[in-house]
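**Student:** Pasting a structure below so you can have a look.
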Amino acid sequence: MSDTIPPCPKCESPYAYSDGTLLICPECANEWNPNEVVVDPDAIILNDAVGNLLAEGDKVTLIKDLKVKGSSLVLKVGTKAVINRFVAGDHDIDCKVDGNGQMMLKSKFVKKQN
């Protein structure tokens with residue numbers, strides 16, 4: 001029977017047992033529903049300028065001309081980029097901008113491509 005019950009997600013104890021629809025860990029007293037989808041509380045969730053949910057790997061376009069700090073370069077409206085990852089901070093998107101390489105952008109200045 002212990003082969004079908006997963007270990008505790010909190011302490012990894014193999015001694016979890018079933019109590020109705022919940023699983024209970026006797027070592028840390030954690031109770032969980034094995035049918036629930038586990039959401040990472042540390043995950044960064046971002047929306048673009050018009051409210052579309054963004055994901056890593058999405059293609060986006062700029063909705064505003066942006067000056068590149070420390071350079072005379074200006075990224076024009078409609079410039080395309082691909083999101084590599086999300087980071088915490090003011091510039092929350094690490095992406096590859098077409099023709100300009102890796103850059104950090106703010107999610108409020110991009111729009112998800114359809």
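**Student:** Of Ser18, Gly57, Ser72, which is farthest along the charge dipole of the chain in the positive direction, counting Lys and Arg as +1 and Asp and Glu as -1 at C-beta?
**Tutor:** Ser72
**Student:** Could you report the chain's accessible area per residue, 1.4 Å probe, as an integer in Å²? It would help to have the intermediate numbers written out before the result.
**Tutor:** Working: 7910 Å² over 114 residues.
On a per-residue basis, 69 Å².
**Student:** Would you tally the net charge around Lys80, using a Cβ to Cβ cut-off of less than 12 Å, leaving Lys80 out, and scoring K and R as +1, D and E as -1? List each step's numbers first, then the result.
**Tutor:** Numbers: positive: Lys59, Lys76, Lys96, Lys111, Lys112; negative: Asp58, Asp98.
Net charge in that neighbourhood comes out at +3.
**Student:** Hey, got the dipole for the stretch 9-114? About the Cα centre, +1 on K and R Cβ, -1 on D and E Cβ, debye to the nearest 20?
**Tutor:** On the way: 13 positive and 15 negative charges, 229 e Å.
The calculation lands at about 1100 debye.
**Student:** Return the long-range amide H neighbours of Asn30 (sequence gap of 5 or more, or a different chain), with a cut-off of under 5 Å between placed amide H atoms.
**Tutor:** Cys25
**Student:** How much net charge surrounds Leu105 when only the other residues with a Cβ under 15 Å from the Cβ of Leu105 are counted, with Lys and Arg +1 and Asp and Glu -1? Show your work: numbers first, answer last.
**Tutor:** On the way: positive: Lys59, Lys64, Lys67, Lys69, Lys76, Lys80, Arg85, Lys96, Lys106, Lys108, Lys111, Lys112; negative: Asp48, Glu56, Asp58, Asp65, Asp90, Asp92, Asp94, Asp98.
Local net charge: +4.
**Student:** Out of the stretch 1-93, which GluC sites (Glu not before Pro) are coil in DSSP terms and have no more than 15 other C-beta atoms within 10 Å?
**Tutor:** Details: sites: Glu12, Glu27, Glu31, Glu36, Glu56; in loops: Glu12, Glu27, Glu36, Glu56.
Sparse-neighbourhood loop GluC sites (Glu not before Pro): Glu12, Glu27, Glu36, Glu56.
The values are calculated or read from the model by the stated rules, or taken from the named source; none is laboratory data. Model, not experiment: these values are computed from the prediction. Don't worry about glycine lacking a Cβ; one is built from the backbone with ideal geometry, like all the others, and counts go over all protein chains shown. Heads up: the accessible areas ignore ligands, DNA and RNA and are worked out on the full protein's heavy atoms, side chains in. Shrake-Rupley method; radii C 1.70, N 1.55, O 1.52, S 1.80 Å.
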